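Each reported figure results from applying straightforward, stated rules to the coordinates on display, with no laboratory input. A quick note: this is a predicted structure, and the numbers were derived from the prediction, not measured. Note that each Cβ is placed from the backbone with ideal geometry, even for glycine, and that neighbours are counted across all protein chains shown.
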Amino acid sequence: MFTLRRVLLVDPATGREAPGSVCVEGGRIKWIGTPEAEPEGEVYDLVGLTVCPGLVDVHVHLRVPGQEHKEDLTSGTSAAVAGGFTAVCAMPNTTPALDRPERIAALQARIAQEARCRVYVAGAATVDNQGEELTDFAALREAGCVAITDDAFPLQQVPMMAEALRQAHEAEVPFLAHLELMELSRGGVMTAGPVADALGVSGQDPAAESQALLRWVEAADGIARLHLLHLTTAATARLLHYLRPGPFFERISGETAPHYLRRTAEDVRHSGAEAKMNPPLREERDRLALLGALRNGDIEVLATDHAPHSPEEKARGLAEAPFGITGLETALGVIITHLVNAGHVTLQQALGKLSTNPARLLGLEGGTLEPGSPADLTIIDLHKHWTVNPAQFRSKGKATPFAGERLVGKAWGTIVGGEWRMREGEVL
Ligand SMILES: [Zn+2]
């Protein structure tokens, strides 16, 4: 048993934002109280620090099984803990794909041995990620998957989308959709436009994203829970605004990632492959629309789309390097510096999109500081000045368009199920 004392408690689930203490016992929150509350057990006096429900990242590529040269469970979850995340949801575009119960079970056995934070698994929507035959969503759910997704292998045709939504509804599992019509994106290495033209590389039509959402609307029957992964364009953000309260989906939510809120296609000029991800960085008008959608609540979730590759792979240059950057260790700093301190969202809103909302989306217990909840806690130093140095990342992936960026705000401690996994910035 221990007490974190004289912290700022921020609980987006209840709206609490006040100085106080939190006591942890047996892996759960025993009580929260005022700064004067008599502490129990070991006492940590943490004046000046902020405690919120543990951060949950809905969208992480842990690369296990089969791509351990890019990331493994220890490196990926150590990166998560270093970034203040207590739980991540692992994407199924692995080798082989996480598309059947026995593969889920094998991964879960490794998670139990190697992971430093909670790891949940999203099952693949199609067999071997081939896009031809849907998997058995109910069986994947039974095996422990918290979601089904077509991430990296986006469904293209309305009938298959409709069947996926029906199966997801029956299995009572959210579907996480990667919005990309391949006939429009055509494998372009960045977003289409003046920068792609100037650099002489192929561009993706940004309508690939919004047009894919229209196909999901066509497929919807009013019952499904659809979550839209990594939103990047003004058009999709605006469509989501009208779809949210509407009749098409029982529940629809969306996420975006820090890089889309701070970087644009212009940054590809100097960052090259370090700024290559899919979907790609867009234009300034898209970035501003995403900020607006975050502020008004249309985009409920912030996720990293942490997609590590080996430095050798990313060194192949803009045209040849694989899509994806690392995100777990920069997300919180970028969000506090450029969203909260810049006045786009409140601290409460930002932390809600990083903890309470993703926990609810995946049906997880927690996402709140209320007594009785799992003691998954993130302790943040909102005033810590630091500079992003990829060489210090726990992740095997070092590619980031934020290298050298000076940020304010960093995770100071991470507690998972009542156990310290990071304290004073040191991963334990
Ligand atoms: Zn992804």
Filter the GluC sites (Glu not before Pro) in the range 343-428 down to the DSSP loop ones having no more than 15 other Cβ atoms within 10 Å, then list what survives.
-> E365, E424
What ³J(HN,Hα) values, in whole Hz, does the Karplus curve 6.51 cos²θ - 1.76 cosθ + 1.60 give for the range 249-254 when θ = phi - 60°, with x put for Gly and Pro?
-> 10, 4, 8, 9, 9, x
Using +1 at the Cβ of each Lys and Arg and -1 at the Cβ of each Asp and Glu in the range 381-428, identify which of G397, L407, G418 lies farthest towards the dipole's positive end.
-> G397
Note down the magnitude of the dipole of the range 48-139 about its Cα centre, charges +1 on Lys and Arg C-beta and -1 on Asp and Glu C-beta and zero elsewhere, to the nearest 20 debye.
-> 380 debye
To the nearest 20 debye, what charge dipole does the range 298-428 have about its Cα centre, counting +1 at the Cβ of each Lys and Arg and -1 at the Cβ of each Asp and Glu?
-> 320 debye
Please work out whether the range 166-223 counts as rounded, prolate or oblate from its C-alpha gyration tensor, where a ≥ b ≥ c are the square roots of the eigenvalues and a/c under 1.5 means rounded, while otherwise a/b larger than b/c means prolate and anything else oblate?
-> prolate
What is the chain's relative contact order, in percent, from Cα pairs under 8 angstrom and six or more apart in sequence?
-> 20 percent
Potential extension, H385-M1 segment - 0.36 nm per residue separation minus Cα distance | 135.1 nm
So E170 and H69, fully extended at 0.36 nm per residue minus their Cα-Cα distance, gain in nm 32.7 nm
Please report how far the C-alpha centroid of the range 270-295 lies from that of the range 53-67, rounded to the nearest whole angstrom.
-> 21 Å
Paramagnetic label zone (point 7 Å from Cα along Cα-to-C-beta, E250; backbone N under 18 Å) in the range 145-186 | 145-149, 161-177
Where the only charges are on Cβ atoms (+1 Lys, Arg; -1 Asp, Glu), what is the dipole of the chain about its Cα centre, to the nearest 20 debye?
-> 840 debye
Residue-ordered couplings for the range 181-192, obtained by feeding phi - 60° into the Karplus form 6.51 cos²θ - 1.76 cosθ + 1.60 and rounding to whole Hz (Gly and Pro as x), are 7, 5, 5, 9, 7, 6, x, x, 7, 8, 6, 5
Within the range 146-205, DSSP-loop GluC sites (Glu not before Pro) with at most 12 other C-beta atoms within 10 Å are E172
Cα gyration tensor, the range 110-220 - rounded (a/c under 1.5), prolate or oblate | oblate
Using 0.36 nm per residue of separation minus the Cα-Cα distance, give me the extension gain between E266 and T14 in nm, one decimal.
-> 86.7 nm
Check A147: other-chain or 5+ apart residues with amide H under 5 Å from its amide H, H built from backbone geometry?
-> G123
Find me the longest stretch of the chain that has none of the exposed trypsin sites (Lys or Arg not before Pro), where exposed means in a DSSP loop (not H, G, I, E or B) with at most 15 other Cβ atoms within 10 Å.
-> 1-185
Net +/- balance of residues flanking V58 in space, Cβ distance below 10 Å, scoring K and R +1, D and E -1 = -3
Expressed as a whole number of Å, what is the distance separating the alpha-carbon centroids of the range 305-378 and the range 124-153?
-> 23 Å
Convex hull volume per residue for the range 54-361, taking Cα atoms only, in Å³ | 112 Å³
